[in-house]
Amino acid sequence: FPVPYSALALLYTTEGRLAEAREMLDRKDRLPSARVDRFPIALLEAASGNKARALEFAKMGGPNLLARIHIVFGDYDAAFSALDEAIDTRTFNIANWSDPDFDIVRSDPRFARAVERTGIAAAPLIVWGKWPDRQ
């Protein structure tokens, strides 16, 4: 079953344990039922500083993943362009709005505009964890 290997690869990547993350992806790839999982590969390559390879897998994974990888590398204009594409094509992932990787762009006015374009109230997502008082 390949999913746990991908999950462990993501966990190890976020913890900076890149060799272990790569080993989990290698183990997953040896399974007969394994398919290419672009998400953990792109994040691992980004964490390893392999921008070209990270972007290669991110492009294959679609605009949501591409936006995330652009954020990792500080390419915020490209990230918002990818988010706009995801919204325009209705392929955006609602989990992006609360993902910690997006914290660095949360204060950018383009983030609020992107969220509002999806019809979601932006204020709670811009200041993550601070929800408006109910009256």
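The values are calculated or read from the model by the stated rules, or taken from the named source; none is laboratory data. This structure is a prediction, so every number in the text was calculated from the model and none was measured. So basically every Cβ, Gly included, is an ideal-geometry build from the backbone, and we count neighbours across all protein chains shown. Quick note on the areas: whole protein, heavy atoms, side chains included, nothing else; ligands and nucleic acids left out. Shrake-Rupley method; radii C 1.70, N 1.55, O 1.52, S 1.80 Å.
Heavy atoms of the protein chains alone define the surface here; on that basis the chain has 59 Å² accessible area per residue at 1.4 Å probe size. Rolled with a 1.4 Å probe across the full set of protein chains, the surface gives Val3 an accessible area near 90 Å². Just need the relative contact order of the range 46-112 here, percent rounded to a whole number, with Cα pairs under 8 Å and 6+ apart. Answer for the range 46-112 is 27 percent. Between the entries (i) 59, 26, 26; (ii) 37, 37, 25; (iii) 53, 30, 26, the label attached to Cα extents along the principal axes in Å calculated for this structure is (iii). Do any trypsin sites (Lys or Arg not before Pro) in the range 28-113 lie in a loop, going by DSSP, with at most 13 other beta-carbon atoms within 10 Å of their beta carbon, and if so which? When the trypsin sites (Lys or Arg not before Pro) of the range 28-113 are filtered for loop state and at most 13 Cβ neighbours within 10 Å, Arg30, Arg35, Arg90 remain.
Carbon and sulfur together cover what percent of the accessible area of the chain at a 1.4 Å probe radius?
Details: 4220 of 7940 Å².
Carbon with sulfur: 53 percent of the solvent-accessible area.
Once C-alpha pairs closer than 8 Å and six or more residues apart are averaged by separation and normalised to the residue number of the range 11-55, the relative contact order reads 34 percent.
Where does the chain land at 222 nm, in deg cm²/dmol rounded to the nearest 500, when only DSSP H runs of n ≥ 4 count, each adding -39500 (n - 2.57), divided by all residues?
Working: 8 runs with 81 residues, N = 135.
Computed ellipticity for the chain at 222 nm equals -17500 deg cm²/dmol.
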